[in-house]
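Below is one structure, written out as structure tokens; the observations come after it.
The values are calculated or read from the model by the stated rules, or taken from the named source; none is laboratory data. These numbers come from a predicted model, not from an experiment. In this analysis, Cβ positions are derived from the backbone assuming ideal geometry, glycine residues included, and neighbour counts consider all displayed protein chains.
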Amino acid sequence: MTPHRCLIADDHPAILDAVSRYLDGCEEVEVVGRAASGDQALQLIAEQSPDIAILDVRMPGVSGVEISRRVGGREGGPLVILYTGHAERATLLEALDAGARGFLLKEGPLEDLLRAIRVVSNGGIYVDPALAGTLAGPEATERLRGLSKREREILRLLADGMRNTEISERLGISPLTVKTHVKNAVAKLEAETRTQAVARALRESLID
């Protein structure tokens, strides 16, 4: 298996070192760069072309959210996982809207970082389980009523990075039925893509 090429950026030396050491010890990850500021992270992204960028939200220079907005998920750009000590709802919403594919709290175990890398590299979106309660807003109630239980279930599996064929096997339904449920969920959430629908469902706590 080709390891995921990861860049790590954090202005706290102890955290940068701990995350780098942990991921360096994982066979499925190759750390290709370490940065202590947002500007340095952008430079290394351009030079190293990592698959995944693990970024602190607040750094000197360019913030992790702004880096995600500029390069995250674009052609040739990395998938962005934001790693932060700040659990404010506004920050998480801003990160999801900026295109971040993962959002983790630094207080959680380092093993969660590896799980997030696996999820986002498979096309999913990973949000720290401890943040589920911070996402819900009053606008979610009507959307929650509109989504069927099966649609929410499939969105949850999509968020975990599963493909249509894997979901069909898990749920015992045909791939065509999965596709239909996804299409309906995208329409109900007024999203343009399935990824956007998953992000919106997470953002509004329609799935956990």
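Highlighted here are the helices (runs of 4 or more DSSP H) found entirely within the stretch 68-153 that include at least 1 residues which are surrounded by 15 or more Cβ atoms within 10 Å (Cβ to Cβ) and modelled with pLDDT of 85 or more: 111-121. Restricting attention to the stretch 55-67, the residues being touching a strand residue (DSSP E or B) at 6+ places or on another chain (Cβ under 9 Å) and either part of a loop (DSSP other than H, G, I, E, B) or among the β-branched types (Val, Ile, Thr) (or both) number 6. For beta carbons closer than 6 Å, sequence separation of 6+ or different chains, a first residue in the stretch 61-86 that is closer than 17 Å to Arg5 by Cα and assigned by TED's automatic domain parsing to the domain that holds Asn122 and a second that is outside any helix (DSSP H, G or I) and aromatic (Phe, Trp, Tyr), the qualifying pairs are Leu82/Phe103.
Of all residues being among the hydrophobic types (A, V, I, L, M, F, W, C) and outside any helix (DSSP H, G or I) in the stretch 176-202, which is modelled with the highest pLDDT? Just the residue, please. Ranking the qualifying residues of the stretch 176-202, first place goes to Leu189. Within the option set Ile167, Ile173, being on the phi < 0 side of the Ramachandran plot, β-branched (Val, Ile, Thr), in a loop (DSSP other than H, G, I, E, B) and over 14 Å from the mean Cα position of the chain (by Cα) holds for one residue only, Ile173.
The set of residues in the stretch 7-57 being free of Cβ contacts under 8 Å to residues at least 24 places away in the same chain, surrounded by 15 or more Cβ atoms within 10 Å (Cβ to Cβ) and closer than 24 Å to Asn122 by Cβ consists of Ser20 alone.
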